[in-house]
């Protein structure tokens, strides 16, 4: 807790809150690694194919992305009585994830509903957690707390991974998944109890929002795009890497498990390393992480992938921290709630783009999925080096110009997407209404025909 004591809380957020959020991450890491990492394994055990597993995830994250938009547009509903609403969403999220094995044992439809609900509940929880940290701490202290939470979460993730392997190896049948999920839910609810002791402010204040084309608004947009595209690459790698090792490289199962373990262990030290480094050093992380998809696809020696996992964890942690730290710097100059929503929105959007790409690439082969991952990470690298001032390698005036152009393209693309979606929704409703009218007319026709054919 000595590190936590060094963080200087702003009015309304005391050291107890900082300590509570650090402890919450330590406890939640155990719950998260079990519920998230076991989900695809459970789905496979229940008889789902890889395509079906990807499909249920894409559907869930599309719903989560819509939830992000809904929460932001109705943000006034959760900006008051923040502590109560954070505890409610925090607890409900853990209960929903805990019921996934039960839903899977009842019916596929119920599994879709419960899994989608569980994923969607992570949205308001994440937004409120980020809003409290970004709004209650200085930007430097918010960065430190991000790093501390990342490291502590990774520590408990290791415990969760080891326990998962042990229980899966020792217990027979499908019931072991229920035991693990209920245990994870119970531990996750302990994190909710910890937050109940935190002195969380009643209201997340709306900060002054800059004009749409201000420097801060443009920087937030470019950081959002960078993070969403980078995480899309991570989503593809996380989905394909393990099966690729086992099926294509014929690696032993423990190699696939060990890559995840090494990634988690390395991320602990990476979180502490990148926390204290100036922004210019992050160029190394961004340039290095861009090589990982190519290394995975090209290196055919299974044991060498353990070293790649360490490299990936170290560089990917730094690249992710860059975007989070940029948001921490500008959160109070745009809008704390907006910055928090963009962080969570980037994650949801990345899952839709990444898993959607996997869904398309799976029939073609794993190599094509890695190629798409290379494209994503290459695009993220280009965005960082040309539009994010903290790490840009082009002159400052060009950085501003490129960032503004990218911002305009993003706004135009978003407007077109919203217009298209609305048009399709309206068209669908009109066709549905027309179908109902035709159905009623046909029903009336059949009734009249039946009446006229009756003998007197």
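Find the relative contact order for the stretch 7-205 and round it to a whole percent, using C-alpha pairs within less than 8 Å whose residues are 6+ positions apart. Display every interim value, and only then the final one.
Values: 239 pairs, mean separation 97.4, N = 199.
With pairs under 8 Å counted, the relative contact order is 49 percent.
Which of 17, 116 has the fewest other C-beta atoms within 10 Å, and how do the rest follow up to the most?
On the way: 17 24, 116 20.
Exposure proxy ranking, most exposed first: 116, 17.
Can you work out the FRET efficiency for the pair residue 436 and residue 52, with r the C-beta to C-beta distance and R0 = 30 Å, to the nearest 0.05?
0.45
Could you work out the percent of alpha carbon pairs in the stretch 7-205 separated by over 20 Å, rounded to a whole number?
Pairs farther apart than 20 Å: 58 percent.
With the alpha-carbon atoms as the only input, what is the per residue convex hull volume for the stretch 313-395 in Å³?
Taking only Cα atoms, the stretch 313-395 has a hull volume of 105 Å³ per residue.
For residue 186 and residue 444, what is the calculated FRET efficiency with R₀ set at 56 Å and r taken between the beta-carbons, to the nearest 0.05?
So, using R0 = 56 Å, E works out to roughly 0.45.
Residue 77 versus residue 174, label points 7 Å from Cα toward the beta carbon: distance in nm?
Once both label points are built, they end up 3.5 nm from each other.
Given points 7 Å out from each Cα along the Cα-Cβ axis, report the residue 304 to residue 159 separation in nanometres with one decimal.
3.8 nm
Please list, in order, the residues from the stretch 146-170 whose amide nitrogen is less than 18 Å from a point placed 7 Å along the Cα→Cβ vector of residue 269.
What the label zone holds, given the 18 Å backbone N cut-off, is 148, 150-159.
Give me the Kirkwood hydrodynamic radius of the stretch 219-393 in Å, from all C-alpha pairs, to one decimal place?
After inverting the mean inverse Cα-Cα distance, the result is 16.4 Å.
Pulled fully out, how much extra length does the chain show between residue 247 and residue 167, if you take 0.36 nm times their separation in residues and subtract their Cα-Cα distance?
Gain on stretching residue 247 to residue 167: 26.4 nm.
What is the stretch 219-393's relative contact order, in percent, from Cα pairs under 8 angstrom and six or more apart in sequence?
Here the relative contact order equals 45 percent.
Evaluate the Kirkwood expression for the hydrodynamic radius of the stretch 257-349, namely the inverse of the mean inverse distance over all pairs of different C-alpha atoms, and round to one decimal in Å.
Over the stretch 257-349, the inverse of the mean reciprocal pair distance is 14.5 Å.
Where a number appears in this text, it was derived from the coordinates with a stated rule and is not lab data. In this text, all values refer to a predicted model and were calculated from it rather than measured experimentally. Neighbour counts are summed over all protein chains in view; Cβ atoms, including those assigned to glycine, are modelled from backbone coordinates with ideal geometry.
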